[in-house]
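Structure record follows, encoded as structure tokens.
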Amino acid sequence: MPLQVDIKKEKEVLTVYLSGDLDINTNKEFKENVNSNLEDVKKITVDCENLSYVDSTGLGAFISIYKTVKEKKEKDPSVEESILIKNLKPHIKKIFLITDLDKVFTIEE
């Protein structure tokens, strides 16, 4: 299933809505969509309610975005380093837990 990335930017908050599969074929699209919308953003939320699959390259995309945000915070301390990820399906949340990425990202039920 192809990935759909919808972006909503309100003031300093970027909300990313993911649908479909985040994998080797789609992770670049995710990174590019988020990174191209980071100007003036202080907080990022990723809504994964319609995300059906994530592989290791998809996890790598999340980490890449986190690193970009961390670099941005070094220049602007008002930027929130933590990225909120919400509405993960149980099988995807399990991957975040097994890989300890729940210590890097804020995971919300």
Q. How far is it, in nm, from the label point at Glu71 to the one at Asp55 when both lie 7 Å from their Cα along the line to the Cβ?
A. 2.6 nm
Q.
In the chain, if the dipole is taken from +1 on Lys/Arg beta carbons and -1 on Asp/Glu beta carbons about the Cα centre, which of Phe105, Ile7, Asn27 is farthest to the positive end?
A. Phe105
Q: Could you pull the Cα extents of the chain along its three principal axes, largest to smallest, in whole Å?
A: 35, 26, 23
Q: Determine, from the Cβ-Cβ distance of Asn33 and Asp102 and an R0 of 22 Å, the FRET efficiency 1/(1 + (r/R0)^6), rounded to the nearest 0.05.
A: 0.40
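Using a 1.4 angstrom probe, figure out how much accessible area the chain has per residue, in square angstrom, rounded to the nearest whole.
Result: 57 Å² of accessible area for each residue.
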Q. In debye to the nearest 20, how big a dipole does the chain give about its Cα centre with +1 on each Lys and Arg Cβ and -1 on each Asp and Glu Cβ?
A. 160 debye
Q: Would you compute, from DSSP H runs of 4+ residues alone, the mean residue ellipticity of the chain at 222 nm, taking -39500 (n - 2.57) per run and dividing by the full residue count, rounded to the nearest 500?
A: -11000 deg cm²/dmol
**Q.** Bridge type composition, region 1-102 - antiparallel percent by DSSP, nearest 5
**A.** 35 percent
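The values are calculated or read from the model by the stated rules, or taken from the named source; none is laboratory data. Owing to the predicted nature of the structure, the values given are computational and were not obtained by experimental measurement. Note that each Cβ is placed from the backbone with ideal geometry, even for glycine, and that neighbours are counted across all protein chains shown. SASA here: full protein model, heavy atoms, side chains in, ligands and nucleic acids out. Shrake-Rupley method; radii C 1.70, N 1.55, O 1.52, S 1.80 Å.
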